[in-house]
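The values are calculated or read from the model by the stated rules, or taken from the named source; none is laboratory data. On a predicted model such as this, the values are computed, not experimentally measured, just so you know. All Cβ positions, glycine included, derive from the backbone under ideal geometry; neighbour counts span all protein chains shown. Protein only, heavy atoms only, side chains kept; ligands, DNA and RNA dropped before computing areas. Shrake-Rupley method; radii C 1.70, N 1.55, O 1.52, S 1.80 Å.
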Amino acid sequence: MLRFRPHHFLCALGYQGKGYSDGFTANMSAIVVDRLRVPGGDATPIQVTGHADDICAPCPKRRGNLCTEQTSISRLDRAHARALRLASHERLTWGEAQARIRKHVQPGDLQTLCQGCQWLDLGLCEAALARLHED
């Protein structure tokens, strides 16, 4: 079972091979590309956590269960948990997570929901969200 903090559900949706370091990018690719985006990946179980998760594991900004940018990360997690109706320790599959994203996050919402995220301006997550709504 994967462990995701709330904002990582949308990060996984928009991931396109970029990251904070080579180790982070390799780990993110192993999770997103090799587990979630493969045939059957929608059945991958994920547990919601309020701290550093499987994506954070090799991040150079990680400090134990926290982040060097914890204030902004906590704000993102609160906003995403509220938007996706996620509760700490909740378990859902990647397919169920995508259904929640489709239901509760509309194209254009990321400008507010992800405010302050350094990746927002690249448009990767917005493009992925638009594709999710097209499917």
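Things worth noting here:
- Residue among L122, L110, L36 with the largest mean-square fluctuation in a Gaussian network model of the chain, springs linking Cα atoms under 10 Å: L122
- Per residue, the accessible area of the chain comes to 52 Å², computed with a 1.4 Å probe over protein heavy atoms only.
- What you get for the chain, charging only the Cβ of Lys and Arg (+1) and of Asp and Glu (-1), is a dipole of about 360 debye around the Cα centre.
- Using C-alpha pairs below 8 Å separated by at least 6 residues, the relative contact order for the chain is 32 percent.
- Rg to Rh quotient for region 16-58, alpha carbon positions, Kirkwood Rh: 0.99
- Under Karplus coefficients 6.51, -1.76 and 1.60, residue-wise ³J(HN,Hα) of region 47-59 in Hz, glycine/proline x: 10, 7, 10, x, 10, 3, 10, 5, 6, 5, 2, x, 5
- To put it simply, the accessible area of the chain at a 1.4 Å probe is 52 percent carbon and sulfur.
- Residues whose amide H comes within less than 5 Å of that of T49, counting only those at least five positions distant or on another chain, are F4, R5, H89 (H built at 1.01 Å from N in the peptide plane).
- Euclidean distance between Cα centres, region 22-61 to region 65-135, Å: 14
- Between P107, P39, P60, the GNM of the chain built on Cα springs shorter than 10 angstrom shows P39 fluctuating the most.
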